[in-house]
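Visitor: Attaching a single structure in structure tokens format; questions to follow.
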Amino acid sequence: MTFFDFVTGIIIGTIGGAYVTMEVEGYYVLISPIVLTLFVVALGYLSLKSIPARKLIEGEPLVMVQNGKIYEKNMSKIRYNQDDLMMQLREKGVFDLSEVEFAILEPHGQLSVLKKSQYLAATPKDLNISTNYKGVSSEIIRDGSIVEQNLKQNSLTHEWLYNELSAKSIKNIRDVFLATLSTDGNLYVDLQEDDPEYIQETEDDDSVI
């Protein structure tokens, strides 16, 4: 959330509270939302056209770690402490600060992290391995109904779909919760009401002391 979003939220909350408590009466009830809308549009346009205004309204990225060294000056500038840094690094899958080359705190509060080259995962390109194209999968069945447009875009027929379902021992299309087609032609199918018997707990048991 940027400072601009924060201020806008406060204004909306104030206006909403005034409506609820009936502190605003008469034509002010109509003027307030109009003024707020014009204010938001004007600031949005200003931030789009002016770089200094954009920095003032939306903020700008701040370097927290540079060349493996923590930049304490920027941290103190926004009251950002070591716990905040380590928490956001862990959220990015980084548990060792020595692996970090750059860490930049974005205006919306997220931390962008670049690991040192020796800690980056090897890619097929690094190993000179050719790969097949992989794009976004298409929804073919949703809640027991065929998504006709996606079926047509993939140049597929109902006969092909029913054969695929039959090969997976699915007799009724209404039993399908979701079916997606990957770019390599594989059909993934999830059935209605087939939740796993055991659900992995993610919270601590309050009864255990």
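Visitor: Do you know which residues across region 150-174 are of a type in the set (K, R) and touching a strand residue (DSSP E or B) at 6+ places or on another chain (Cβ under 7 Å)? Steps first, answer last, please.
Guide: Taking region 150-174 first, the residues of a type in the set (K, R) are 152, 168, 171, 174.
Result: K168, single match.
Visitor: Follow-up question, since we're still on this one. Do we have S169 as in the same structural domain as N74 (by TED's automatic domain parsing) and either out of contact with any Cys (no Cβ under 7 Å at 6 or more places or on another chain) or surrounded by 14 or more Cβ atoms within 10 Å (Cβ to Cβ) (or both) here? Break it down stepwise before answering.
Guide: On the way: in the same structural domain as N74 (by TED's automatic domain parsing): no; either out of contact with any Cys (no Cβ under 7 Å at 6 or more places or on another chain) or surrounded by 14 or more Cβ atoms within 10 Å (Cβ to Cβ) (or both): yes.
So S169 does not fit the description; no.
Visitor: Continuing with the same structure: Say we look at region 107-145 and pick out the residues that are closer than 30 Å to N163 by Cβ and of a type in the set (K, R); which of these is surrounded by the most Cβ atoms within 10 Å (Cβ to Cβ)?
Guide: R142
Visitor: So which residues in region 158-174 are more than 18 Å from N186 (Cβ to Cβ) and either among the β-branched types (V, I, T) or assigned to a loop (DSSP other than H, G, I, E, B) (or both), if there are any at all?
Guide: Passing the criteria: K171, N172, I173.
Visitor: Filter region 65-91 for residues that are within 17 Å of K115 (Cβ to Cβ) and under 22 Å from the mean Cα position of the chain (by Cα) and give the result.
Guide: If the condition is that a residue be within 17 Å of K115 (Cβ to Cβ) and under 22 Å from the mean Cα position of the chain (by Cα), then L85, M86, Q88, L89, R90, E91 are the ones that fit.
Residue by residue, here is whether (1) closer than 30 Å to F177 by Cβ; (2) not aromatic (F, W, Y) holds:
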| site | (1), (2) |
| --- | --- |
| D84 | no, yes |
| G93 | no, yes |
| Q110 | no, yes |
| K115 | no, yes |
| A122 | no, yes |
| Y133 | yes, no |
| R142 | yes, yes |
| S145 | yes, yes |
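Visitor: Also, quick follow-up: Could you give me the residue pairs with C-beta distances under 9 Å whose first residue belongs to region 68-80 and is over 13 Å from L105 (Cβ atoms), whose second residue is in a loop (DSSP other than H, G, I, E, B) wherever it lies, and which are 6+ apart or on separate chains?
Guide: What qualifies is G68/K116.
The values are calculated or read from the model by the stated rules, or taken from the named source; none is laboratory data. Note that the coordinates shown come from a computational prediction; the quantities given were computed from them, not determined experimentally. FYI the Cβ positions are ideal-geometry reconstructions off the backbone, even for glycines, and counts take in every protein chain you see.
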